[in-house]
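Remarks on the structure that follows.
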């Protein structure tokens, strides 16, 4: 599992969303480095981390690998951040950690995490993961690199704020690591994974949590934020007006300020 490391202080593991990777946090890591030891992972099959044929791509297995990653590096305790599908991974990893004799996860930070209350993707994802849907997707849209800028713009509330290096950065794993194929394997488990996620949520109730959402998020419905917040005993909700699904790229200054405030408010 490839990862980037920066900073010093309490450990913070960053988990990217579907088709994202550690590159997604290039505006976050330098700013947060004085406040935490940051580990930004490329989950197996994404970014520049390879995957093997037949590898378990389920949410539960991916979440368990985050704990194995921490164990392998000797990280005894850490805060966990997850964006989008990475948010679902963070929640399940935190629930698994809570079951241990000595839990590793301290706090959770979630940016527009996939959750049971957002209808977005509940029909499309299983179709893309089906035999027919996967074939159609991989042999049409997935091959049309000229359309990359369209889906990237859709991630932003204001398409003019797409960073100039984003397109090439997100194309790199597509061209070198076959992440589209791996992504189709992940969404094949979507309905089952949502059930796993919903079952895991009660076990995370006592984690102090920061939720962050953009009001123009087209991927995970912002209206689901308040229902998700109700799951936790101690949760803050930060809303970014006019911002889309990737606040750490679209409005990094505001995003980093919210992160620093949460990390230093002990």
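The values are calculated or read from the model by the stated rules, or taken from the named source; none is laboratory data. Quantities reported herein were computed from a predicted structural model and do not represent experimental measurements. All Cβ positions, glycine included, derive from the backbone under ideal geometry; neighbour counts span all protein chains shown.
Looking for something part of a helix (DSSP H, G or I), modelled with pLDDT of 60 or more and surrounded by 13 or more Cβ atoms within 10 Å (Cβ to Cβ) - is there at least one such residue anywhere in the range 133-151? Yes: the range 133-151 contains one or more residues that are part of a helix (DSSP H, G or I), modelled with pLDDT of 60 or more and surrounded by 13 or more Cβ atoms within 10 Å (Cβ to Cβ). Selection over the range 99-115 of residues that are farther than 14 Å from residue 70 by Cβ and at pLDDT below 95 gives a count of 2. Could you grab me the full set of residues in the range 230-247 that are outside any loop (DSSP other than H, G, I, E, B) and farther than 19 Å from residue 150 by Cα? 235, 236, 237, 238, 239, 240, listed by residue number. Highlighted here are the strands (runs of 3 or more DSSP E) found entirely within the range 1-105 that include at least 2 residues which are in contact with a helix residue (DSSP H, G or I) (Cβ under 6 Å, 6 or more places away or on another chain) and closer than 23 Å to residue 180 by Cβ: 11-15. Sort out which residues of the range 36-60 are surrounded by fewer than 21 Cβ atoms within 10 Å (Cβ to Cβ) and closer than 15 Å to residue 90 by Cβ, and write them in order of number. Listed by number, the list holds a single entry, 60. Against the numbered list (1) out of contact with any helix residue (DSSP H, G or I) (no Cβ under 6 Å at 6 or more places or on another chain); (2) closer than 19 Å to residue 80 by Cβ; (3) in contact (Cβ under 8 Å) with a residue 60 or more places away in the chain; (4) not in a loop (DSSP other than H, G, I, E, B), residue 227 comes up short only at (2). Among the residues making up the range 230-266, those that are free of Cβ contacts under 8 Å to residues at least 24 places away in the same chain and more than 15 Å from residue 27 (Cα to Cα) are 230, 261, 265, 266. Of all the listed residues (88, 33, 11), the sole one being at negative phi, surrounded by 24 or more Cβ atoms within 10 Å (Cβ to Cβ) and at pLDDT 95 or above is 88.
Taking the range 56-74 as the range and being in contact (Cβ under 8 Å) with a residue 24 or more places away in the chain and either farther than 27 Å from residue 264 by Cα or under 15 Å from the mean Cα position of the chain (by Cα) (or both) as the test, the residues that pass are 57, 58, 59, 60, 62, 63, 64, 65, 66. For the range 181-215, filtering for residues that are surrounded by 17 or more Cβ atoms within 10 Å (Cβ to Cβ) and more than 19 Å from residue 107 (Cα to Cα) leaves 13. If you go through the range 164-173 and keep only what is farther than 11 Å from residue 23 by Cβ and in contact (Cβ under 8 Å) with a residue 12 or more places away in the chain, you end up with just 167.
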